[in-house]
1. Hey, among the residues in the stretch B:273-303 that are more than 13 Å from chain A (Cβ to nearest Cβ) and assigned to a loop (DSSP other than H, G, I, E, B), which one's nearest to B:Thr260 (Cα to Cα)?
2. Give the residue that is surrounded by the most Cβ atoms within 10 Å (Cβ to Cβ), with candidates limited to residues of the stretch B:248-260 that are under 11 Å from B:Leu390 (Cβ atoms) and facing chain A (nearest Cβ under 9 Å).
3. For the stretch B:213-230: of the residues being hydrophobic (A, V, I, L, M, F, W, C) and in a helix (DSSP H, G or I), which is nearest to the chain's Cα centre (by Cα)?
4. Could you list, in sequence order, all residues of the stretch B:413-436 that are of a type outside the set (Gly, Ala, Ser) and surrounded by 22 or more Cβ atoms within 10 Å (Cβ to Cβ)?
5. Does at least one position in the stretch A:107-121 carry a residue that is at pLDDT 95 or above, touching a strand residue (DSSP E or B) at 6+ places or on another chain (Cβ under 9 Å) and within 13 Å of chain B (Cβ to nearest Cβ)?
6. Could you list all residues from the stretch A:12-35 that are in contact with a strand residue (DSSP E or B) (Cβ under 8 Å, 6 or more places away or on another chain) and more than 10 Å from chain B (Cβ to nearest Cβ)?
7. Looking at the stretch B:138-148, can you tell me whether even one residue there is assigned to a loop (DSSP other than H, G, I, E, B), within 17 Å of B:Ala85 (Cβ to Cβ) and in contact (Cβ under 8 Å) with a residue 40 or more places away in the chain?
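The values are calculated or read from the model by the stated rules, or taken from the named source; none is laboratory data. As the structure is a computational prediction, the values presented were derived from the model and not from experiment. Virtual Cβ from ideal backbone geometry, glycine too; neighbours counted across all protein chains shown.
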Amino acid sequence: MYPIRRAEWLAENIFLMDVEAPRIAKYCEPGQFIIAKMDEKAERIPLTICNYDREKGLITIVVQVVGASTLRMSRLQAGDAFMDFVGPLGRPSDFVTEPFEEVKNRKYLFVAGGLGTAPVYPQVKWLHEHGIEADVIIGARNKDLVIMEEEFQAVAGNLYVTTDDGSYGRSGMVTKCLQDLYDEGKRWDVCVCIGPMIMMKFVCKLTKELGIPTIVSMNPIMVDGTGMCGACRLVVDGKVKFACVDGPEFDGHLVDFDQAMKRQTIYKTFEGQAMLKAKEGDTHHGGCGQCGGDK
Amino acid sequence: MDVMKKVPVREQDPQVRAHNFDEVCLGYNEQEAMEEASRCINCKNARCIQGCPVNINIPAFVHEVKEGNFEKAFHIIGESSALPAVCGRVCPQETQCEGVCIRGIKGEAISIGKLERFVADYAREHGVEPEKADHLNGKKVAVIGAGPAGLTCAGDLAKLGYEVTIFEALHEPGGVLTYGIPEFRLPKKRVVEPEVENVKKLGVKIECNVVIGKSITIDQLMEDEGFDAIFVGSGAGLPKFMGIPGEQANGVFSANEYLTRNNLMKAFLDDYDTPINAGKKVVVVGGGNVAMDAARTALRLGAEVHIVYRRSEAELPARAEEVHHAKEEGVIFDLLTNPTEILVDEKGLVTGCKVVKMELGEPDASGRRRPVVIPGSETTIECDTVIMSLGTSPNPLIASTTEGLETNKWGCLVAEEGKTTKDGVYAGGDAVTGAATVILAMEAGKLGAKGIHEYLSAK
């Protein structure tokens with residue numbers, strides 16, 4: 001079992017947990033993910049590592065409630081435990097393994113959207129600890145959904161917060177912020193973008209025009225996460241890649257986002273049904289259009 | 001009783017079992033087993049022993065069954081095999097022990113597989129436990145992967161007195177026995193779990209959720225955790241696809257994914273969270289055991305199922321029994337047929353599969369007649385799901401993170417007699433051979449254990 005040492009809400013529907021997993025905390029690196037399974041009957045859910053403490057053996061995950069499984073997970077509290085917690089999976093971010101001489105001379109920009117803010121954190125922190133101050137754009141729909149701003153202030157070079165509705169920080173989506181900064185004369189050698197697929201798609205479109213090489217972290221549907229089932233396949237530069245072993249980070253200018261977004265929807269109906277069941281419990285008597293309860 | 005014929009084994013009725021996940025074959029009872037065992041002529045030069053990859057002393061255990069000494073029979077098998085309840089169910093006996101049985105020349109071979117299964121089931125039901133080593137030799141061995149190769153290797157080493165820890169990447173041990181082979185062929189709670197427990201009873205520790213090459217590397221296991229030798233039985237890896245248009249559509253699965261969702265994650269049971277897109281009309285591409293498993297699973301989930309295979313029935317690589325069972329249950333075989341494109345609607349969902357008819361031409365490198373496209377034979381099979389069962393390529397995680405561990409051009413670990421190119425590291429099973437059978441993986445596990453024992457004894 002993998003005990004939960006801290007559990008708290010960061011925003012509506014977004015929660016954070018510190019989980020004791022010493023084997024993972026010992027060797028994990030920024031960019032990698034874990035798979036969590038709550039109990040015997042739960043799904044295996046891939047989650048990007050959002051922080052780690054090698055000494056205490058802790059892994060931080062940040063999760064958004066999007067379906068029945070994440071709703072159930074959100075009900076766990078400090079003192080509860082995950083039945084299974086495996087990792088670190090996937091390849092670390094490129095800068096971890098690239099020659100440091102090259103990395104330290106680069107100017108990095110991180111573009112984080114919504115929940116994607118959390119997995120950006122260990123990357124920016126790693127660079128900070130290695131004497132590299134990266135610029136960071138955090139985007140959220142509104143003020144209440146901006147997460148981890150304080151943590152970022154401690155490790156980022158310039159931090160820009162933008163909200164879609166202008167309720168906090170700059171106004172508009174991350175692409176607008178990026179374009180504005182560019183127009184103000186800012187330049188970067190590499191952009192790392194993590195967030196909803198649609199956001200990554202449009203950030204990549206923009207950075208391609210601006211000529212900024214861009215890395216994205218893909219989070220497709222997975223089952224085993226160790227290179228066995230092929231569920232997480234996506235097309236990169238016309239070739240089939242597996243996010244769990246070839247990724248999760250890829251050259252954003254080569255990813256076929258439209259295909260990847262279609263693949264994300266495959267279990268939508270199942271998820272909706274399961275979500276209704278989980279939310280309404282025994283009171284669920286149809287209305288989902290699937291279970292036949294309303295016939 | 002006709003000594004030329006096998007005592008028939010009871011099976012679930014095909015019409016009934018096509019709708020449930022209970023085991024198809026019900027096995028022998030004591031009388032049937034003793035009767036079948038009495039057909040064995042106890043050959044002096046027993047070819048069946050040579051026919052068995054792990055060299056079980058078959059005439060000896062069959063003799064004990066005939067006499068009703070089932071516990072003794074279990075210990076005879078236990079000298080050679082750690083997983084008899086599994087092997088009795090999934091080995092291709094017709095090409096191994098039973099294939100060379102003298103009885104088989106004029107009549108039907110002894111039903112060795114069914115007898116092995118009977119003995120193992122009897123032992124489990126009667127609480128007969130495997131015999132543990134009486135002392136530990138103080139040496140530690142790590143086994144990577146709790147599948148058939150790893151469990152066998154670990155069992156053999158534990159019996160020799162080694163302290164063995166198996167590291168398993170998934171959340172449950174068993175490897176392909178758990179994630180791959182379906183419940184109706186190999187029940188998990190009743191057969192796989194007790195077999196794994198038996199290996200644990202020999203003193204073997206199993207740590208799940210550890211991905212070697214990621215959670216910890218082989219070098220770290222040897223340097224930081226004090227393991228004296230390693231056996232890599234990490235199994236097969238990434239599924240192969242055909243490279244035809246439409247393969248990324250929603251509704252195209254690898255057999256690995258389909259079976260893992262169903263078997264490991266138990267998607268066929270309502271109270272488990274993992275979903276499976278069962279499909280209403282399913283095309284399974286391929287003709288091996290995995291294809292049969294996927295097809296029969298889809299059938300049980302309520303689909304009409306077509307097996308599409310590019311050669312003819314004679315070349316189907318699956319065990320004869322699986323093909324026979326699949327047909328009985330209503331799986332449709334579209335042989336000498338090959339997909340050329342998967343048709344997809346505007347939402348990205350599968351709507352059909354374009355196929356061409358094939359004919360067999362000259363023999364190719366594998367000795368089988370090469371299938372050739374018949375011009376102008378293109379047709380479409382309407383379907384909403386396509387399951388690709390074309391084999392796998394080895395998992396890259398261990399080779400890519402271990403200095404000095406060589407792979408061949410297909411990415412399989414290079415191992416001779418179980419010994420890899422790295423000192424103290426042995427390997428076997430699908431990680432070395434590419435996708436093969438449970439029993440061949442077990443044979444490789446035995447060979448690995450023998451190699452490790454010789455290596456550590458000489459040290």
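1. Only one residue fits best here, namely B:Leu301.
2. Step by step, filter the stretch B:248-260, then rank; the result is B:Asn256.
3. B:Ile218
4. B:Leu413, B:Thr420, B:Val425, B:Tyr426, B:Asp430, B:Val432
5. There is no residue in the stretch A:107-121 that is at pLDDT 95 or above, touching a strand residue (DSSP E or B) at 6+ places or on another chain (Cβ under 9 Å) and within 13 Å of chain B (Cβ to nearest Cβ).
6. A:Asn13, A:Ile14, A:Phe15, A:Leu16, A:Met17, A:Asp18, A:Val19, A:Glu20, A:Ala25, A:Glu29, A:Gly31, A:Phe33
7. Scanning the stretch B:138-148 turns up at least one residue that is assigned to a loop (DSSP other than H, G, I, E, B), within 17 Å of B:Ala85 (Cβ to Cβ) and in contact (Cβ under 8 Å) with a residue 40 or more places away in the chain.
Rundown of residues vs (1) in a loop (DSSP other than H, G, I, E, B); (2) farther than 26 Å from B:Glu247 by Cβ; (3) in contact (Cβ under 8 Å) with a residue 40 or more places away in the chain; (4) small (Gly, Ala, Ser), yes/no style:
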residue	(1), (2), (3), (4)
B:Glu346	yes, no, no, no
B:Cys353	no, no, yes, no
B:Glu359	no, no, no, no
B:Gly367	yes, yes, no, yes
B:Ile381	no, no, yes, no
B:Asn395	yes, no, yes, no
B:Ser400	no, no, yes, yes
B:Tyr426	no, yes, yes, no
